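Below you'll find the structure I mean.
Throughout, read-outs are computed from the coordinates displayed, never taken from laboratory work. Just so it is clear, the structure is predicted and the values come from calculations on it, not from any experiment. Cβ atoms come from the backbone with ideal geometry, glycine included; neighbour counts cover every protein chain shown.
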Amino acid sequence: MKEEKFIYYFAYGSNMNPERMRERGVRFKENQISKAVLRGWRLKFNKMASGNQKEGYANIVADKEGIVEGVLYCVPEKDIFEKLDKYEGFPRDYFRIRVLVILDNGKEVKALTYIANPDKVREGLKPSQEYLNHLLKACKFLSKEYYNWLKNIKTLD
C-alpha cells in the first residue's frame, strides 16, 4: 500500500477553524496544527461571495508591510485536490499559490494557500458575522492584537 503524501496548508480564512475543516472532511495531523505568520501580505474581505454580492470572503493581497496570521495544517495531498479545491472553488474562485510562513519557533515552512481570482474581487465588501466567527474560533492560534482586529471588523449583520 502506497504511503500518503502530506503537504502544508496555510489557512487564513474560515478554514482556520479546525471544526470547519473536520466538517468538510479534510483530514489533518492533529499534533501538527500550529500558528503561522505570512509576511508581505494583508488580509482583506474582498472575495465576492457567490450567494450575496455584498458579502466578502477572506483573501490575501500583496503588501510588503503586511502580516497575515493563520493556521498551518499538515494535510494529505489527496484531501487538498479532492476536498479543499472543491470548497475553495478552485480554479474558478480561488487558485493555489505557494507561500513561506513563519512558525512561533522562527522556522520557515513552505505551504500551499489559496488566493482569490482577480475577477472575483471587489472592494467595499463585508463578511457575514457567521463567516467571521469561523476566523475567530482560531483564537488560540492568533495573537491577541490580530484577534481583536478581526473581532472589530464591520460585518453585514
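List every residue pair whose Cβ atoms sit under 7 Å apart, with the two residues 6 or more apart in sequence or on different chains, where the first one lies in region 94-108 and is closer than 13 Å to ILE7 by Cβ and touching a residue at least 12 places away in the same chain (Cβ under 8 Å) and the second, anywhere, is of a type in the set (Phe, Trp, Tyr) and not in a strand (DSSP E or B).
Matching pairs, first to second residue: ARG96/PHE90.
Filter region 14-72 down to residues that are without any contact (Cβ under 8 Å) to a residue 24 or more places away in the chain and basic (Lys, Arg) and give me whichever is surrounded by the fewest Cβ atoms within 10 Å (Cβ to Cβ).
Here the answer is ARG22.
Let me ask something else about it. Somewhere in region 130-149, is a residue out of contact with any helix residue (DSSP H, G or I) (no Cβ under 8 Å at 6 or more places or on another chain), in a helix (DSSP H, G or I), among the hydrophobic types (A, V, I, L, M, F, W, C) and closer than 17 Å to ASN59 by Cα? Even if it seems obvious, please write down each step before you answer.
The initial filter retains those residues of region 130-149 that are out of contact with any helix residue (DSSP H, G or I) (no Cβ under 8 Å at 6 or more places or on another chain), namely 130, 133, 140, 143-146, 148-149.
If we keep only those that are in a helix (DSSP H, G or I) too, we end up with 130, 133, 140, 144-146, 148-149.
When the remaining residues are screened for being among the hydrophobic types (A, V, I, L, M, F, W, C), the result is 149.
Restricting the remaining residues to those that are closer than 17 Å to ASN59 by Cα gives 149.
Checked against the condition, which is being out of contact with any helix residue (DSSP H, G or I) (no Cβ under 8 Å at 6 or more places or on another chain), in a helix (DSSP H, G or I), among the hydrophobic types (A, V, I, L, M, F, W, C) and closer than 17 Å to ASN59 by Cα, region 130-149 yields at least one hit.
So how many residues does region 46-87 have that are outside any loop (DSSP other than H, G, I, E, B) and either in contact with a Pro (Cβ under 6 Å, 6 or more places away or on another chain) or of a type in the set (Gly, Ala, Ser) (or both)?
Number of matching residues: 5.
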